[in-house]
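Here's the structure we're looking at; comments come further down.
Throughout, read-outs are computed from the coordinates displayed, never taken from laboratory work. All figures in this text were calculated on a predicted structure; none of them were measured in a lab. FYI the Cβ positions are ideal-geometry reconstructions off the backbone, even for glycines, and counts take in every protein chain you see.
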Ligand SMILES: Cc1ncc(COP(=O)(O)O)c(C=O)c1O
């Protein structure tokens, strides 16, 4: 309760400040603004478009990256082994069951290479994160898109029914990007029971840290019973390391071997490996960030509800809002106010995806939304 009280007061202050004409000074401290410019980023653009962590890496991860300069001259083989072993211990599997990637998108690319071909099918939800289909422009398997159900969740029974002897891969994003919805552990277990064992199930858990729904289960609980399952994770979201690039897969050793054939040598770097180790070793990092970002999401949904907007309840660090009109010009209108929001998803053309940011960023977003979409779609 205390946390919520403090958070609300924080939001109130941020909202008051952000309501001023010069929004930007309220969003970033001068030091943070200077750091952005030094790093080649615009000083004053709000990046609410890629579901990142606005607070960035932990202090320990930052220190670890700085120290990694000492080993910059060496290939990171030793550190790769170290992180692979640390992740294996973390998840209670053997190191042979872990594979690192240059972000988890790299793992999704490897999966296409390993399990798809022009005479195979790839089953995905519509809409979902696009990487598997984007990389399939090279592998050229036949896409089978299964619309989300009426609650914007993966329609797992229909996805399982769409899998046959020609299916190479089925991709499940849990929570789903862009809708923020989850499938429960029970639904996932039933799905895995129905998918033919010859089909590889790629379970993307990029946003799992944010989930609060008690019905959620990670794929790790199902790995032992389903050798066709690959769980994919990333350090880009709650760990705040999107710019550094580190993701990984956990699966049965033969699936990891199949993926690894498509991996480049040394596909991770010494700095992010050091940051990854430091992040895993910090037990407070995930709960602290989860609380901060989910509190911000709750504040945002409170404002949306009060303003009469229809939105999809989200278990992730982004939220979809129905604007009731084509979202493309609205995205441009936000851009004109120096606020970047998510791209347009063709199967949900009136929905705006906004990432959860700091309290001040959320206040600035709400102020802009009131301006750009003064009349909400019927909730
Ligand atoms: C569901 C999902 N999976 C994977 C990724 C790729 O993340 P990364 O390559 O940074 O690990 C993203 C990025 O937004 C995502 O939304």
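Values for this structure:
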quantity: Ellipsoid semi-axes in whole angstrom, largest first, where each is sqrt(5λ) of the Cα gyration tensor of region 238-295; calculated: 27, 15, 10
quantity: The chain, relative contact order [Cα under 8 Å, separation at least 6], %; calculated: 24 percent
quantity: 10 Å binning of all Cα-Cα separations within region 214-311, expressed as whole percents from 0 upward; calculated: 12, 30, 33, 18, 7, 0
quantity: Rg to Rh quotient for the chain, alpha carbon positions, Kirkwood Rh; calculated: 0.97
quantity: Kirkwood Rh (inverse of mean 1/r, distinct Cα pairs), region 79-118, angstrom; calculated: 11.2 Å
quantity: Distance cut-off 26 Å, percentage of C-alpha pairs in region 225-379 lying past it; calculated: 44 percent
quantity: 18 Å tail of the calculated P(r), region 49-191, as % of Cα pairs; calculated: 68 percent
quantity: Computed helical MRE - 222 nm, the chain, DSSP H runs ≥ 4 contributing -39500 (n - 2.57), nearest 500; calculated: -12500 deg cm²/dmol
quantity: Peptide ranges 266-274, 208-216 listed from the most packed, as the mean C-beta count within 10 angstrom indicates; calculated: 266-274, 208-216
quantity: Hull volume in cubic angstrom per residue (convex hull over the Cα atoms of region 173-219); calculated: 70 Å³
quantity: Computed over region 60-280: relative contact order in percent, which uses C-alpha pairs under 8 Å that are six or more apart; calculated: 30 percent
quantity: Cα point-scatterer Debye curve for region 60-280, base-10 log of I(q)/I(0) at q = 0.18 Å⁻¹; calculated: -1.32
quantity: Sites residue 140 and residue 253 - FRET efficiency at Förster radius 35 Å, r taken between beta-carbons, to 0.05; calculated: 0.80
